[in-house]
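Structure first, commentary second.
The values are calculated or read from the model by the stated rules, or taken from the named source; none is laboratory data. These numbers come from a predicted model, not from an experiment. A quick note on method: Cβ atoms are made from the backbone with ideal geometry, for glycine too, and the neighbour counts reach across all protein chains shown.
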Amino acid sequence: MFDQIAIIGFGLIGGSVALAIREAWPSCQITAIDAPAVVDAAMRMNAAAKGGDDVRLADGAELVLLAAPVRQNIGVLKDLAARVRGGAIVTDVGSTKRAMVEAARHLPPRLRFIGGHPLAGAATSGLEAARSDLFRGRPWILTPPADADASDVERLTDLASSVGALPRMMEPIAHDRLMAYLSHLPQLTVSALMQVVGERTGRDGLGLAGTGLRDTTRLASSPAGTWRDVTATNVDAIVAAIDDLTVALQRLKADLTEGHELQRVFDASAVWKRALDESGGREDS
């Protein structure tokens, strides 16, 4: 499908994409674009054939995949036309889409952007956590513009399928609203919960915690850097999600003695948890 692919940003997702592609298409030439130490590590693990820290190295690639944090990807998009002279499909793997789609409007026609988001990840980040099976059985959302070339969409769909993912099409605004509830709200809630519990109980108190707290707060180790970009590029949708959760908590707070609201929330929660379990679910946020 692609003879040459350039991946800008070789962390967990970028590295996993590279490993999965190398497994599916051993002859594909992958260029890693990141800090020198990261590129060296990528080449040692056979995730890339060459690389460096200059975006110009993406020139000649048929596909340029942006796998840095969202706002870094936006910055790369602004420079891409000046640094990459040839034509290419450009995609990304970011958790928000509207800001990327807007930034991509300034690309010349030879650089054809189609937003992407593989719904896969892990509790830890970085290239050292990358693995080739990360996307197997997981959705890979694509957000092509209305005027996207059908063959470009087909090639990205085939790429997602070839690494074991399940490609789906979605509008950018619908994607961002959905992710605010499925991913962004859970991450922010768990991080805030762990902070409150830790500060109120201390290390000695945490030593008494059972598996329930550990299971509930598994995402609390996620790095803040990536999430700053996510929240900054999806503010309105995340605010609406936080407001909805706040209302639910306030209703519980106002009815702790009688427990009618608690009963209603727990009953509904059990129904939706069964639906979540039956749907498959993810290992990450």
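Points worth noting:
- Pair list, Cβ under 6 Å, 6 or more apart: segment 133-160 residue in a helix (DSSP H, G or I), other residue aromatic (Phe, Trp, Tyr): ALA160/TRP140
- LYS78 vs. criteria in contact with a strand residue (DSSP E or B) (Cβ under 7 Å, 6 or more places away or on another chain) and surrounded by fewer than 22 Cβ atoms within 10 Å (Cβ to Cβ): no
- Among the residues of segment 26-45, those that are part of a loop (DSSP other than H, G, I, E, B) and under 23 Å from the mean Cα position of the chain (by Cα) comprise ASP34, ALA35, MET45.
- Residue in segment 6-25 that is over 22 Å from the mean Cα position of the chain (by Cα) and outside the structural domain of ASP229 (by TED's automatic domain parsing) present: yes
- Evaluating ASP243 against the criteria (1) over 16 Å from LEU185 (Cβ atoms); (2) modelled with pLDDT of 95 or more leaves one unmet condition, (1).
Residues checked against (1) exposed (fewer than 10 other Cβ atoms within 10 Å of the Cβ); (2) within 26 Å of the chain's Cα centre (by Cα); (3) in a loop (DSSP other than H, G, I, E, B); (4) in the same structural domain as ALA122 (by TED's automatic domain parsing):
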{"residue": "ASP215", "(1), (2), (3), (4)": "yes, yes, no, no"}
{"residue": "ALA241", "(1), (2), (3), (4)": "no, yes, no, no"}
{"residue": "ALA248", "(1), (2), (3), (4)": "no, no, no, no"}
{"residue": "ARG251", "(1), (2), (3), (4)": "no, no, no, no"}
{"residue": "THR257", "(1), (2), (3), (4)": "yes, no, yes, no"}
